Ligand code: WTA
């Protein structure tokens, strides 16, 4: 497959950027011509950010799985679509060709249909990183059911909240999943999440770990049994088929829950056509993907990175996507390098937190590993510090591979700002230039564009985007007003990212981190309010305040200040109890790294917690805490500062 929309030179980047800005409809219609449509669009783009309303390719009909699978069958039926590496290197690698992927996805679609799933139904997927997870995602898309994948690290309570919010009808899960030397009992977590649930009709259970599970008659069915039945239905005389549902361009494709600064996670909704085009276009261009390349994205499909750059982008491009079940440090810290060596990986796309963690093991895990197949290195999810960038460049890329720093969000569907591998220059710890179609601006608190360079030659402020690109979120599930308030109301007629940024005189962007109360823990988004709510549910906790602090490996750690009025155990036991409560309410990923017990919190006279002060204390700053005179009780600051843990 060739990619006529691929940017091949710096000049072409500037030209495409200009065309996509000046005439987006013509530009994107051109790109869209490289996809398979049942019917082409009536109008390329219709939008306003005040409602907000964004429609790309309205009137067009398609099914994303025909673009990700069927259209590749003629030429690439034997080409690997997915290469799967298990958690345990002694277990067999699985290579899934496009023909095999087609068959499995047809089977899943048939299995879902047999179990009563219809177009528009919500199917929650809570599985480990097995190929069946990809089949499940694409099987949903094939029949037009809306998938909502939940990361395996979330607790039963978190799942229950998401099932409720999405009014989910079905669940696909595993008995358990392997994670390093642990087994996560996924079905058991689902059972707990389903206590009191009234909407789920069926739970399909794939056997991965052969962990014992309860199976409720009439509700729970085994994946293997159902797939056997479906196999006979979709395969006749050696020909496999399951007609894909015809979808409108703007029909929802999936919901993915993500944390914000307030309340419970929101269900970000992406739609069929725009998301497909955006993930494919960005995948090919940022990573400089060429036919035949083996692409290894180390993310989990439970996060947006996995959706866009393990499943949809690479497959729509007819690529080969390497999917990894394990963790970077099991059975040892050489696991990534073994996989790259074994499969002659060309592109590695990973998170700075993984690099920092691997860096700490020194050179030994790299010894004897042949990494010469690598051509492009990428990072995603959080700012990359210069030390990690150089380590990546020297030790992994051997100074021969461009490193791309890709900035984007669950809401943006795919990358918005990144250097293009081998085409536009890189700059350590800078995401650099926007993709064609992306118009970022930096605004001040009032929403006015900052245009004047400061004395360091930079423009600094809050990052917004002026116009829609095809992959922008369309709504938050069940609550459009929440979408408007969260992203489109802070600054009129702009999409507000929640990130702070700076821009240099050449137009390069550097993302400095969230300016709202959202933390980024090992590249995972967690709202401080969510963690506080969970801590406050612990008996004996009167009040709490959560802030982030710099953490060598995770990027940010969670620091909790807690007012506690109970009598159980000593301080350490209380800390563990509180952590366990957080793990039950949200999941282990949200456990505080540090808990400090305090007698009061710094509050203004109107009762607002002054997080700025707490953040400084958590960062280790004891002097220069700023103006504390407006506090209700200024003395509390000295006490907190003294008791820092
Ligand atoms: C942060 C992940 C700096 C940012 C794809 C954003 C980054 C949030 C980068 C979205 C980067 C992501 N440099 N910061 N290259 N990439 N971020 O929704 O704060 O899980 O708002 O999407 O991660 O996280 P999310």
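The values are calculated or read from the model by the stated rules, or taken from the named source; none is laboratory data. Here the structure is a predicted model, which is why all the values come from computation and not from measurement. Here the Cβ is made from the backbone with ideal geometry for all residues, glycine too, and neighbour counts use every protein chain on show.
On the stretch given as the stretch 580-590, residues that are under 21 Å from residue 645 (Cα atoms) and surrounded by 21 or more Cβ atoms within 10 Å (Cβ to Cβ) total 2.
Residues that are in contact with a strand residue (DSSP E or B) (Cβ under 8 Å, 6 or more places away or on another chain) and more than 19 Å from residue 415 (Cβ to Cβ) within the stretch 503-513 comprise just one, 504. Please determine, by comparing only the residues of the stretch 398-412 that are assigned to a loop (DSSP other than H, G, I, E, B) and near the ligand (Cβ under 9 Å from one of its atoms), which one is nearest to the chain's Cα centre (by Cα). Checking each candidate, the answer is 409. Within the stretch 416-426, the presence of at least one residue that is near the ligand (Cβ under 9 Å from one of its atoms), outside the structural domain of residue 254 (by TED's automatic domain parsing) and either surrounded by 23 or more Cβ atoms within 10 Å (Cβ to Cβ) or closer than 24 Å to residue 389 by Cα (or both) is confirmed.
Does residue 577 satisfy the condition of being at pLDDT below 95 and either touching a helix residue (DSSP H, G or I) at 6+ places or on another chain (Cβ under 9 Å) or more than 16 Å from the ligand (Cβ to nearest atom) (or both)? So residue 577 does not fit the description; no.
Take the residues of the stretch 296-326 that are out of contact with any strand residue (DSSP E or B) (no Cβ under 8 Å at 6 or more places or on another chain) and away from the ligand (no atom under 16 Å from the Cβ): which is nearest to residue 273 (Cα to Cα)? Applying the filter and picking the extreme gives 316.
Determine whether the stretch 532-540 contains at least one residue that is in contact (Cβ under 8 Å) with a residue 40 or more places away in the chain, away from the ligand (no atom under 16 Å from the Cβ), under 22 Å from residue 641 (Cβ atoms) and part of a helix (DSSP H, G or I). Yes: the stretch 532-540 contains one or more residues that are in contact (Cβ under 8 Å) with a residue 40 or more places away in the chain, away from the ligand (no atom under 16 Å from the Cβ), under 22 Å from residue 641 (Cβ atoms) and part of a helix (DSSP H, G or I).
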